[in-house]
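Please treat every number below as a calculation from the coordinates, not as lab data. Fair warning: this is a prediction, and the values are worked out from it, not measured in the lab. Backbone-built Cβ (ideal geometry, glycine too); neighbour counts: all protein chains shown.
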Amino acid sequence: MVLSKTALKSDDSIHSTFASRYVRNSIPRFEMPKNSIPKEAAYQIINDELKFDGNPRLNLASFVTTWMEPECDKLMMESINKNNVEMEQYPVTTDLPNRCVNMIARLFNAPLGDGEAAIGVGTVGSSEAVMLAGLAFKRQWQNKRKAQGLPYDKPNIVTGANIQVCLEKFARYFEVELKEVKLREGYYVMDPEKAVEMVDENTICVVAILGSTLTGEFEDVKLLNDLLVEKNKKTGWDTPIHVDAASGGFIAPFLYPELEWDFRLPMVKSINVSGHKYGLVYAGIGWVVWRTKTDLPDELIFHINYLGADQPTFTLNFSKGSSQVIAQYYQLIRLGFEGYRNVMDTCHENMMVLKQGLEKTGRFNIVSKENGVPLVAFSLKDNSLHNEFEVAEMLRRFGWIIPAYKMPADAEHVTVLRVVIRDDFSRTLAERLVSDFEKVLHQLDTLPSMIHTNMAHGTVNGVKKTAEETQRDVTSYWKKFVETKKTNKDTITK
């Protein structure tokens with residue numbers, strides 16, 4: 001959730017034409033109204049504003065699921081009033097996370113015996129899951145250092161510069177030094193050899209990403225494991241691996257079953273995965289599983305009994321709705337291994353349709369790999385006149401929401417567009433998107449370069465402007481040009 005911010009004084013009321021038959025006065029935007037209003041009016045006021053949101057199906061920036069079957073929607077609504085932590089009151093509902101954890105742990109090849117329960121928890125997403133895994137590694141490392149009589153006040157974690165922000169949050173919130181392996185052009189994931197070189201006695205773990213947010217690429221967890229095993233033998237350390245499989249955890253087992261990235265590797269001690277990404281559930285569900293019970297320190301688990309029974313808990317929050325957990329269980333038993341494989345196969349096929357269509361335009365370099373998360377990351381072959389940010393902005397006219405962004409250090413000079421292929425993105429949509437890309441490129445070809453305007457040089461009266469000021473002014477200039485051209489066209493038409 002983003003932090004709240006103060007609005008302009010001219011924007012401190014909500015007006016609704018359709019609600020005027022019930023409410024004659026404006027509703028304050030940032031204060032609770034003094035009086036009640038009819039339920040119809042409240043619904044209409046909110047519904048009117050929500051119409052300005054983008055279409056979730058056309059939001060190709062997000063990895064998060066935007067469609068589920070009506071039967072699952074119904075199950076979620078029927079259980080929306082159940083608190084998933086109240087075991088005594090909702091024994092069946094609260095047992096479903098245990099079933100999901102065991103299914104997922106076995107999917108990730110956890111070394112479990114017959115009838116042995118897996119160790120893991122459901123979370124509100126991979127951000128919480130990553131933080132719980134990080135806390136377990138930090139406490140394990142601290143306990144070992146204390147037992148050896150060694151300092152334990154400077155823990156660090158090694159990962160690539162392509163990490164998701166949740167790992168940065170963990171490092172900052174829980175006072176762990178973040179050591180990042182820098183990227184380079186053409187190689188946008190963590191280099192295992194460089195990562196292992198950065199490992200020292202204070203490293204609590206190395207985090208590998210199965211499905212980079214930037215390009216969808218899987219990092220080489222097998223090579224990282226082998227290098228760590230060798231270094232641990234030489235140093236006497238026991239540096240483990242955590243796999244952030246937020247995006248790839250529900251893809252690799254079905255598309256790349258021979259790929260070794262999970263608990264088949266001895267140094268992998270925990271894995272997180274997002275149920276609300278390719279687990280095919282609406283936003284609000286993640287999972288983290290541990291290799292064995294010994295990998296989760298007992299002192300991190302709390303026991304409560306004020307809800308009617310002894311209840312172990314290891315989460316950053318407490319109360320949580322049950323709908324997403326029920327939805328995850330539905331998907332696991334509804335689709336089964338065969339169903340998930342079919343969904344992932346289709347996503348990959350549609351990704352190839354889009355990739356090949358973009359290549360045929362002759363205007364793009366494909367940055368992403370064919371193996372990995374089903375997405376296409378690409379950049380303009382020639383951005384001397386118009387750049388990727390302009391392409392993304394122009395596509396909004398057709399309803400598409402596609403991000404453009406710069407790569408992290410040391411590849412900041414590379415800018416890419418990215419299209420995420422989800423379960424609800426069809427071949428027809430892929431073909432339509434390619435067609436709209438061609439239209440946008442043709443329109444941009446007829447426009448003057450906003451890059452070569454005086455403002456793009458970032459100076460005003462000889463004073464150097466910030467990058468943010470320059471980008472704002474350039475975008476403003478370009479928008480005015482487009483609006484003027486549209487106005488002139490409308491005038492001629494009339």
Protection proxy (average C-beta count within 10 Å per residue), highest first, orders 441-448, 281-288, 388-395 as 281-288, 388-395, 441-448
Whole-percent tail of the Cα-Cα distance distribution for the stretch 252-317, cut at 18 Å, equals 56
In the structure shown, of Lys34/Lys169; Lys169/Lys406; Lys144/Lys369; Lys277/Lys369; Lys277/Lys320; Lys74/Lys138, the pairs separated by more than 30 angstrom at the C-alpha atoms are Lys34/Lys169; Lys144/Lys369; Lys74/Lys138
The alpha-carbon center of the stretch 380-412 and that of the stretch 104-126 are separated, in whole Å, by 40
Of all DSSP beta bridges having both residues in the chain, the percent classed as antiparallel (nearest 5) is 65
Out of Ile119, Asn350, Leu296 - ranked by how far each Cα lies towards the positive end of the dipole of the chain, with unit charges on the beta-carbon of charged residues - the top one is Asn350
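With contacts defined as alpha carbon pairs under 8 Å and 6 or more residues apart, what's the relative contact order of the chain in percent?
17
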Inverse of <1/r> over all distinct C-alpha pairs of the stretch 176-226, i.e. the Kirkwood Rh in Å, gives 11.7
Under Stokes-Einstein, the stretch 267-357 at 20 °C and 1.002 mPa s, with its Kirkwood radius over C-alpha pairs, diffuses with a coefficient in µm²/s of 132
Relative contact order as a percentage, the stretch 46-125, C-alpha pairs under 8 Å and 6+ apart, gives 16
Helix-only [θ] at 222 nm, the chain, -39500 (n - 2.57) per DSSP H run of 4+, per residue, nearest 500, equals -12500 deg cm²/dmol
Here P(r) for the stretch 320-440, Cα-Cα distances in 10 Å bins, as whole percents, is 12, 38, 28, 17, 5, 0
Computed on Cα atoms only, the convex hull of the stretch 195-312 has an orientation-averaged projected area in nm² of 9.7
